[in-house]
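Working notes, structure below.
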Amino acid sequence: MASRATGGRIRRRESILGPVNRSERPFFDTRFQALAHRGGQLPDGGAENTLAAFSRAVHLGYRYLETDVHASRDGVLFAFHDESLDRVSDASGPIAAWTAGELSRVRLAGGHTIPRLDELLEEFPGSRFNLDLKAPGAVVPLADSLVRHGAQARVCVSSFSTPRITQFRRLTGGRVATGLSHRAIASFLAVPRLVAPWVSGDVLQVPLRFWRDRLPLVTGRLTRHAHRCGLRVHAWTVNDPIRMGELIDLGVDGMVTDDLEALKLVLTERGLWEEAS
């Protein structure tokens, strides 16, 4: 009974188009998706999520750039990880409390500014972006931005929040690749054959371990279940070359890393690296 209730709950809250048609998405047309975490941190310890960091990742040949999106008080999207400005900038307080003009004057380590999402989509037209919807106020602006830039096919959007990702799917009519929410992932792990046909989304983006880091989450069994259900598996955040190789052997389809050189080398040695054009 509990399993059926879980499956029904996911069916109502996550599916917007009935049983999911998991047709191939252009976003996933590489053999392996190597994602530069937070745009790729600068090697000298410089700030994450900066134009310089994104540019370095692209220069290294990374096709996939991972970042997070927040909305300013006046609805402009910025690539920024935290809800608050405190950790990595010379300012403080929630990013949603600042206008776009005010945020443009905030400085990160090294004097860098916080990039707008529009700026990234224009600056890197050949790149694909994995975007984490970090705030409810970012949902509508993101859907509008992707239409404005014609970027639906080169973006995958994820969110821990079920209401947030469901709203985004409704606004975009299923035309954008999406990841499963935490609730959908938990239900998939519990009853994959029951839940998977009704869960909207294309990819499980999961950490290596769960339950206070005590239990492994990314296993061969998980990847096999996901693949049978037409889902891909991305692991985060992986910086150890040995672990990278182990995960590839388990069959994961992609991983997020801070160590861009290490992942590129591992994938090159295994014939899986595909240079961005």
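The values are calculated or read from the model by the stated rules, or taken from the named source; none is laboratory data. Since this is a predicted model, take the numbers as computed values, not measurements. Every residue, glycine among them, receives a Cβ derived from its backbone with ideal geometry; neighbour counts consider all protein chains shown. In case anyone asks, the SASA skips ligands and DNA or RNA and just uses the protein heavy atoms, side chains included. Shrake-Rupley method; radii C 1.70, N 1.55, O 1.52, S 1.80 Å.
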Positive minus negative residues near residue 49 (Lys, Arg vs Asp, Glu; Cβ under 14 Å): -3
How big is the antiparallel share of DSSP beta bridges in region 24-180, given as a percent to the nearest 5? 30
Once the other residues with Cβ under 11 Å from the Cβ of residue 253 are scored (Lys, Arg +1; Asp, Glu -1), what is the net sum? +1
Accessible area per residue of the chain at 1.4 Å probe, in Å²? 45
Say each of residue 211 and residue 275 gets a label point 7 Å from the Cα, pointing the same way as Cα to Cβ; how far apart are those two points in nm? 4.6
Under unit Cβ charges (Lys, Arg +1; Asp, Glu -1), what dipole magnitude, rounded to 20 debye, does the chain have relative to its Cα centre? 1620
Find which of 143, 40, 276 sits farthest along the positive direction of the dipole of the chain, computed with +1 on the beta-carbon of Lys and Arg, -1 on that of Asp and Glu, about the Cα centre. 143
Dipole moment magnitude, nearest 20 debye, region 219-277 about Cα centre, only Lys, Arg, Asp, Glu C-beta charged: 460
For a test of the definition: using alpha carbon positions, the gyration tensor, and the 1.5 limit on a/c, classify the chain as rounded, prolate or oblate. oblate
Other residues with Cβ under 10 Å from the Cβ of residue 121 give, with Lys and Arg +1 and Asp and Glu -1, a net charge of -1
Assuming a ≥ b ≥ c are the square roots of the Cα gyration tensor eigenvalues, decide whether region 127-267 counts as rounded (a/c under 1.5), prolate (otherwise, with a/b larger than b/c) or oblate. oblate
Classify region 121-189 from the C-alpha gyration tensor, please: rounded if a/c falls under 1.5, else prolate or oblate depending on whether a/b exceeds b/c. prolate
Net lengthening on full extension, residue 237/residue 170 (0.36 nm per residue, minus Cα-Cα): 21.2 nm
Along the dipole axis of region 104-237 (charges at Cβ: +1 for Lys and Arg, -1 for Asp and Glu; origin at the Cα centre), the most positive-end residue among 220, 178, 152 is 220
Report in % the part of the accessible area of the chain that belongs to carbon and sulfur, leaving out ligands and nucleic acids; probe 1.4 Å. 52
Loop-only trypsin sites (Lys or Arg not before Pro) in region 88-185, please: DSSP not H, G, I, E or B, and at most 15 other Cβ atoms within 10 Å. 105, 107, 175
Report for the chain the percent antiparallel among DSSP-assigned beta bridges with both residues inside it, nearest 5. 25
Computed [θ] at 222 nm, deg cm²/dmol, the chain (DSSP H ≥ 4; -39,500 (n - 2.57); rounded to nearest 500): -10000 deg cm²/dmol
What longest region of the chain stays clear of GluC sites (Glu not before Pro) that DSSP places outside H, G, I, E and B and that have at most 13 other Cβ atoms within 10 Å? 25-274
Starting from the Cα of residue 186, step 7 Å toward the Cβ, then list every residue of region 197-231 with an amide N under 12 Å from that point. 211
